[in-house]
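The values are calculated or read from the model by the stated rules, or taken from the named source; none is laboratory data. As the structure is a computational prediction, the values presented were derived from the model and not from experiment. Cβ placement follows ideal geometry from the backbone for every residue including glycine, while neighbour counts extend to all protein chains displayed. Side chains are part of the model used for accessible areas, which takes the heavy atoms of the whole protein and leaves out ligands, DNA and RNA. Shrake-Rupley method; radii C 1.70, N 1.55, O 1.52, S 1.80 Å.
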Amino acid sequence: TEHCEQTVAAALLNNASIPQADGVAGFLDFLQKLEPGRLEFASHVGDLQPFVGDKVNLKQTLTRASSKYFVFGPAGSGEQLRQEGMPFSDALVHGKRRWFLMAPKDFTTLREKAKDVLEPASAFMFFEQQMEELVEEYGLGGKKMKFWECNQNPGEIIYIPGDTIMTSLNLDNSFSYKQHIATSATSVAERVDSNIWMPESGMIPTGYQFAACFGSVDLQAAGSMLGKGVNPMQGQIISQIMAQYYPSVVARNNLIISVLAECYAALQGGLDGDKTYCPLAWEQCATQLGRNAETVGASMPSWLTPKPPKPAKKEL
């Protein structure tokens, strides 16, 4: 039943349904200040759809980097143990959830001791079968393998650090509002850059999207322009994978537009462009998209030029 729980970007729903206040991020709403620009860029989906073809749900693609989500699932649903990778707060609106949380260091100790038992499993299987055995046979809950457990009721907000190992089980049909959180403007800039060019992450395609802005997927050119190269051995593997999954101009346009969307949101949100790759990335990607327009039979929108959008009043 783990596949029954769904996480949907709030931007995919009617704007009237999206909370307009600071929400569950409170005063740590740095990421949320990027949302208006993200929505504004997505509003131009009609201009951009011809670049990626009719088979791609471009609006859905453009909301992947959103910081606001709705999470819902029936009783018994829930994902396996995992890390979110970024801090978040979750406000339960309806239902009831059971949470299990561990610090990375303690989880590493547990995994070493119980590697034959601790196999990927749904939240239901973890709580109903694995957890009791881990406590009784492998010392889960001991001094070096501490964990936290709680039930979340409607109206309650839980904050989860990004590196925490976690799982949650819906005890009733549940619905919540979730927001990723950045603790500073610097961390927002790092997140923006990670969606443009971060080869050390190994994340495909996110960490290598900027390479699509050079006619073909050119990792060397991307690394040279942004001052962060790719390990030669790693580069050969990544190049092969990217060429396999993004062989056509239409496919690469999807990556180019994702980079432009990220920079548009950052600049409109008041993020200092000089602290990100955006000034260089925007000009290169917009120029390449213009070159690709004729190939795919599209017209370059008048609002999308090689000159980066004028930054909004600085807020971050």
Restricting attention to the stretch 25-68, report how many residues are touching a residue at least 24 places away in the same chain (Cβ under 8 Å), out of contact with any Asp or Glu (no Cβ under 9 Å at 6 or more places or on another chain) and hydroxyl-bearing (S, T, Y). 2
Qualifying positions in the stretch 221-258 - part of a helix (DSSP H, G or I) and either open to solvent by 60 Å² or more (accessible area, probe 1.4 Å) or touching an Asp or Glu at 6+ places or on another chain (Cβ under 7 Å) (or both): S224, M225, P232, M233, Q236, I237, Q240, Q244, Y245
Specify which of the listed residues (L110, L118) is surrounded by 14 or more Cβ atoms within 10 Å (Cβ to Cβ), at pLDDT below 95 and over 25 Å from the mean Cα position of the chain (by Cα). L118
W303, sole failed condition from (1) touching a residue at least 60 places away in the same chain (Cβ under 8 Å); (2) surrounded by fewer than 17 Cβ atoms within 10 Å (Cβ to Cβ); (3) part of a helix (DSSP H, G or I); (4) of a type outside the set (S, T, N, Q): (3)
Considering D90, D163, D172, which residue is within 30 Å of A11 (Cβ to Cβ), acidic (D, E) and surrounded by 19 or more Cβ atoms within 10 Å (Cβ to Cβ)? D90
A65 - would you say it is within 30 Å of F30 (Cβ to Cβ), surrounded by 14 or more Cβ atoms within 10 Å (Cβ to Cβ), touching a Ser or Thr at 6+ places or on another chain (Cβ under 9 Å) and at pLDDT below 95? yes
